[in-house]
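Below is one structure, written out as structure tokens; comments come after it.
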Amino acid sequence: MTTLNDLETPCLVLDLSILKRNLKLMTDAMARHPGVVLRPHMKTAKSRDVAMLAAPNFGPITVSTLAEAQYFADAGWIDQIYAVGITPQKLERVAAMNAAGARIKIITDDVEMAGKIAAHPGQIAALVEVDSGEHRGGAVPEGAMAVARALGNKMLGTFTHGGHSYLGRSQAQMEEVAEAERKAVADTAQAMRDAGLKAKIVSMGSSPTALYAKSLEGITEVRAGVYMFGDLFQGQIGTHPLEDIAVTVLASVIGQRPDRGTVLLDAGAMAMSKDRSTEAAPKDFGFGRMLDIDGKPSFGDAIMRRAYQEHGEVVVPGNPSFHIGDKVRVAPNHTCMTVAAHTHYNVVDGGQEVIAVWDRVNHW
């Protein structure tokens, strides 16, 4: 039997029991909207084993890289949306995967790019990305019509991402963003239909808006991803309970400074990332929150205040004594960035025994 104490550090720990709770939370939320499909975004997990739980029976998924698209298509998840604006150089790769049996949809908000998609001889279909308030990617609703016309018969519908929901700090604010997101993409799809264009797919989503939307009228599917694992930021904005962070980084104590009230870990910026997303949240958790080996906050708010390349310095309330080699776990600020540094998950189920090792796909 392998336990967490047997593992070399730093490495990822995935608690299956928490993952299942988070998946159920989203499933229950989506059940309020009959007929709307959940298309889980696998950009965080990037794991077939997680997809077996999040998108069972090879249901529809969302991906953020073409490496993910190939990885999941090879395993049987053929209905995908590649949710990053496409470039001309990537069209042939998508067409090749579709020719081999996949059904990968792409997105664009650019009229010129839409023309190139329309002219491509391969099996390619696209959604028009609409800006519903985040102001990252997406055409304004009025400009989306020109993109749709340029796509011609390769246009399948509309797409948006309400990432500005991360700025919400109350249920009312989340509901407001969700409604603006819904209205922008649904109204654009209807305008396209009124103009004689097809808009079969109307796709929106972020974890907060998927959970808090009061109405999904006019929406055919919702995409969400970070809800599966959660993190310190999502816990603070109400995507999941703060204690339900499914992925942590297992680290070892490599030093301590009683005079500074700190402990030094072998998990630094390369294992945790330097994403300080919680700076914008009610509580700043630095570069992560140190937990005990069971994933419990036994040290109070023990916060990684400094992250060097391979060193993490944690300020520990009460200055407890540690031994070199003691194992702890660190909850991440932004789980997507943290897990990207690792090749696999060491899976536990509420305890310290490692019950499985699940791989993940990295890069592009």
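Overview of results
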| quantity | calculated |
| --- | --- |
| Top-ranked residue in the range 75-102 [being of a type outside the set (A, V, I, L, M) and more than 21 Å from the chain's Cα centre (by Cα); ranked as least open to solvent (accessible area, probe 1.4 Å)] | N98 |
| Residue within the range 189-197 that is over 18 Å from P40 (Cβ atoms) and in contact with a Ser or Thr (Cβ under 9 Å, 6 or more places away or on another chain) present | yes |
| Which listed residue, of T158, T239, is among the hydroxyl-bearing types (S, T, Y) and out of contact with any strand residue (DSSP E or B) (no Cβ under 7 Å at 6 or more places or on another chain) | T239 |
| Neighbours by Cβ (under 7 Å, 6+ apart or cross-chain): first from the range 90-116, in contact (Cβ under 8 Å) with a residue 60 or more places away in the chain; second assigned to a strand (DSSP E or B) and open to solvent by 30 Å² or more (accessible area, probe 1.4 Å) | K105/L156 |
| V328 more than 23 Å from the chain's Cα centre (by Cα), at negative phi, surrounded by 15 or more Cβ atoms within 10 Å (Cβ to Cβ) and not in a loop (DSSP other than H, G, I, E, B) | yes |
| Output for the range 247-271, where each listed residue is under 14 Å from R289 (Cβ atoms) and in contact with a Pro (Cβ under 6 Å, 6 or more places away or on another chain) | V249, A251, A267 |
| Pick from the range 155-183, criterion assigned to a helix (DSSP H, G or I), more than 16 Å from V36 (Cβ to Cβ) and open to solvent by less than 20 Å² (accessible area, probe 1.4 Å), ranking: modelled with the highest pLDDT | M174 |
| First in the range 266-283 and free of Cβ contacts under 8 Å to residues at least 12 places away in the same chain and closer than 25 Å to T239 by Cα, second anywhere and open to solvent by 10 Å² or more (accessible area, probe 1.4 Å) and in a helix (DSSP H, G or I), Cβ under 8 Å, 6 or more apart | none |
| Residue among V339, V347, V361, V354 that alone is of a type outside the set (S, T, N, Q), at pLDDT 95 or above, open to solvent by less than 60 Å² (accessible area, probe 1.4 Å) and more than 23 Å from H41 (Cα to Cα) | V354 |
| Residue match in the range 135-143 (condition: of a type outside the set (D, E), surrounded by 24 or more Cβ atoms within 10 Å (Cβ to Cβ) and either within 20 Å of the chain's Cα centre (by Cα) or outside any loop (DSSP other than H, G, I, E, B) (or both)) | yes |
| Residue match in the range 39-55 (condition: in contact with a Lys or Arg (Cβ under 7 Å, 6 or more places away or on another chain) and farther than 26 Å from A341 by Cα) | no |
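To keep it simple, each residue is scored yes or no on (1) under 15 Å from I245 (Cβ atoms); (2) touching a residue at least 60 places away in the same chain (Cβ under 8 Å); (3) out of contact with any His (no Cβ under 8 Å at 6 or more places or on another chain).
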{"residue": "D292", "(1), (2), (3)": "yes, no, yes"}
{"residue": "D301", "(1), (2), (3)": "yes, no, yes"}
{"residue": "Q309", "(1), (2), (3)": "no, no, yes"}
{"residue": "G312", "(1), (2), (3)": "no, yes, yes"}
{"residue": "V315", "(1), (2), (3)": "no, no, yes"}
{"residue": "R329", "(1), (2), (3)": "yes, yes, yes"}
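The values are calculated or read from the model by the stated rules, or taken from the named source; none is laboratory data. All of these numbers come straight from a predicted model, not from anything done at the bench. Heads up, the Cβs are rebuilt from the backbone with ideal geometry, glycines too, and the neighbour counts pull from every protein chain shown. Heavy atoms of the whole protein, side chains included, go into the accessibility calculation; ligands, DNA and RNA do not. Shrake-Rupley method; radii C 1.70, N 1.55, O 1.52, S 1.80 Å.
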